[in-house]
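Contents: one structure, followed by commentary.
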Amino acid sequence: MRALTPIFLSLCVAATAWAQRADPNFDPMKDVSLRFEKGAVVLGVPVGAHLKASFMDVKKQAGPGTLKMGKLPPTTAKDELGDGIWHGQVKVPVSGEGLSGTVTLQVTYQPCTEGEGGVCFPPTTRSLDVRASDIPPEKPAEKLPVSPLDKATEAPKVEAAPMAAPSVLMAQTATSAPGTHTGLLLSLLLVFLAGMAASLTPCVYPMIPITMAIVGAKGGGKARGFALSVALVLGMAVTYTTLGVLAAKSGAAFGAFAQKPAFLIPVSVLFAAFALSLFGAFEIALPPSLAMKLQGDGSRKGFGGAFVMGLVLGPLSAPCVGPVIGTVLVGIAQQGDVWLGGLQLFVFSLGMGVLFMTVGTFSAALPRSGEWLTRFKQIMGLVVLGFAAWNVRLVVPEWANFTMWTLVMLAGSAVFGLFEAADDLVGQFRKSLAILMVAFAVLLGVRATETFLRVELLPRGGAAAAQEDHAGWMAQDLEGALVKAKAERKLVLVDIYAEWCAQCKELDEKTWPDAGVKQWIAQNAVAIRIDTDAQRKDLAAKLQIRSYPTVILMDAEGKELRRILGFQKPETMKAWLEGK
């Protein structure tokens with residue numbers, strides 16, 4: 001038995017390694033199941049594969065009536081690009097109006113395989129015939145509401161996930177039933193803190209003692225002060241919860257559109273405008289006449305008056321709270337969950353009401369507003385500006401990404417007092433931080449210049465090594481690479497990629513920077529990267545590209561010697577290059 005133990009362990013290790021390899025025979029048409037069931041298009045992939053959410057779409061091919069794709073279900077994980085993906089089975093709800101006979105649906109999806117040799121296939125479209133009577137109407141009968149906490153504790157019905165990279169496994173774990181519950185509580189905590197931060201803005205903070213005096217909370221005892229404060233906060237909650245519900249209802253129509261550039265870029269422009277407002281460039285203010293009507297000129301004492309005062313406090317605080325709550329509302333619209341949207345804005349109003357209840361109950365004297373409050377407002381603007389840059393990180397060119405973060409760092413240096421005198425220890429600390437942010441801005445600006453002009457100005461290391469390597473590769477010009485290879489008597493190494501391909505990014509970060517692989521390429525081949533999905537579509541059919549990434553080795557005449565599909569580890573790629 002002792003002699004057999006090492007053999008058994010070796011077999012287990014070998015089996016595990018083999019299980020992590022992608023299925024080389026995966027067919028995006030045959031291996032993705034497609035059927036219609038209970039008002040939804042049901043797609044399924046085997047273990048070791050997933051579907052990307054960003055390309056999921058269902059349309060009607062022809063005929064009378066209209067068809068609408070419903071809200072996509074939550075994804076079960078994310079790939080290396082940060083895009084949402086589904087493992088196992090996914091149900092895409094649809095509804096229709098005026099349909100008759102047999103309806104032909106056009107279902108578009110994008111499958112990818114995982115592990116070593118994993119590839120991403122181009123978006124695939126298949127037809128599915130469905131009886132019109134099986135498609136529910138666009139306005140189905142309302143069902144009894146389910147609380148968001150109940151929803152959060154429901155375990156998603158997903159088949160066993162494949163053995164994948166640690167990042168994928170961690171993402172899957174985070175979206176399991178307990179993780180979803182924890183995620184809900186964390187999101188509510190963040191929204192609550194955002195509400196507290198909003199109450200510290202210059203448009204709200206100075207109004208707190210004045211407002212509590214108007215409603216009569218001061219001088220009436222702690223119990224009455226607390227009760228009046230609660231009434232005021234409930235009035236605020238009605239206003240903000242209504243906004244949350246409206247945002248979620250509008251978001252229900254977004255679906256996969258909320259993950260595409262046509263949505264993300266305008267949203268980031270909106271965030272940038274919010275940030276400029278918080279920096280003091282302009283104010284999001286109500287017309288003076290409307291503000292006066294909402295404010296009124298009489299005393300609003302009593303519980304009814306406190307409630308009404310809470311109702312109008314939201315519009316009155318729009319100049320400062322607008323950017324903060326606008327950011328929250330956009331996030332709610334992307335989720336499209338009515339109950340969760342209402343709950344998040346209710347919690348936001350509770351966070352905003354903490355100081356109101358504290359002052360109303362204990363008649364606490366708040367610190368005077370002043371420079372600290374203005375700087376706090378600017379820091380909030382910096383956070384919103386950073387989120388604007390982060391929101392589009394995957395849909396803009398790399399040079400634009402570096403440029404945006406350069407601007408964020410420069411704005412941060414101004415916020416922390418780069419051009420101000422440092423008279424005390426706090427001022428010196430702020431100025432040091434501002435100088436550090438300028439240094440980061442300079443580095444990011446250099447990176448933006450490098451990626452835009454395709455030059456090398458600074459040495460690189462780590463994950464950026466792949467970009468350094470590609471700066472020395474040819475791009476898109478296969479004809480030029482063949483001419484160069486013939487002149488240098490070398491082979492041609494062609495890396496076929498697509499911008500949406502997560503495995504291509506993994507190949508860039510883990511395989512091409514390897515010293516052994518780089519050495520072989522430098523000695524034996526002219527390397528070129530080609531995007532046959534967007535830039536050189538004419539080569540996709542000529543080179544017979546069915547999936548991404550595909551790596552082809554050819555001679556200087558353009559004759560293919562061999563090819564390898566999907567992500568490969570450095571040692572596997574080097575052995576393949578050497579013909580082993």
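Starting from the range 430-443, take each residue that is under 15 Å from F402 (Cβ atoms) and list its partners that are among the β-branched types (V, I, T), counting only C-beta distances under 6 angstrom and pairs at least six apart or across chains.
Correct list of pairs: A441/T406.
Exactly one condition in (1) at pLDDT below 85; (2) surrounded by 13 or more Cβ atoms within 10 Å (Cβ to Cβ); (3) not in a helix (DSSP H, G or I) is not met by I496; state its number.
(1)
Looking at the range 24-38, which of its residues are surrounded by 17 or more Cβ atoms within 10 Å (Cβ to Cβ) and modelled with pLDDT under 90?
Residues satisfying the conditions are F26, P28.
Can R529 be described as crowded, with 17+ Cβ neighbours inside 10 Å, outside any loop (DSSP other than H, G, I, E, B) and either in the same structural domain as L443 (by TED's automatic domain parsing) or modelled with pLDDT of 85 or more (or both)?
Yes.
For the range 338-383, which residues satisfy the criterion of being of a type in the set (V, I, T), at pLDDT 70 or above and assigned by TED's automatic domain parsing to the domain that holds F226?
Answer for the range 338-383, where residues must be of a type in the set (V, I, T), at pLDDT 70 or above and assigned by TED's automatic domain parsing to the domain that holds F226: V347, V354, T358, V359, T361.
Return the pairs, sorted by first residue and then second, in which the second residue is modelled with pLDDT of 85 or more and aliphatic (A, V, I, L, M), the first residue lies in the range 411-422 and is surrounded by fewer than 16 Cβ atoms within 10 Å (Cβ to Cβ), the beta carbons are less than 9 Å apart, and the residues are 6+ apart or on different chains.
The qualifying pairs are F419/A434; E420/A434.
Inspect all residues belonging to the range 402-421 and state whether any of them is over 25 Å from L200 (Cβ atoms), polar (S, T, N, Q) and touching a helix residue (DSSP H, G or I) at 6+ places or on another chain (Cβ under 7 Å).
So far as the range 402-421 goes, yes, one or more of its residues are over 25 Å from L200 (Cβ atoms), polar (S, T, N, Q) and touching a helix residue (DSSP H, G or I) at 6+ places or on another chain (Cβ under 7 Å).
Considering only helices (runs of 4 or more DSSP H) fully contained in the range 384-471, which possess at least 2 residues that are modelled with pLDDT of 85 or more?
Of the helices (runs of 4 or more DSSP H) lying wholly inside the range 384-471, those with at least 2 residues that are modelled with pLDDT of 85 or more span 398-415, 425-453.
The values are calculated or read from the model by the stated rules, or taken from the named source; none is laboratory data. Because the structure is a prediction, the values reported are computed rather than measured. Heads up, the Cβs are rebuilt from the backbone with ideal geometry, glycines too, and the neighbour counts pull from every protein chain shown.
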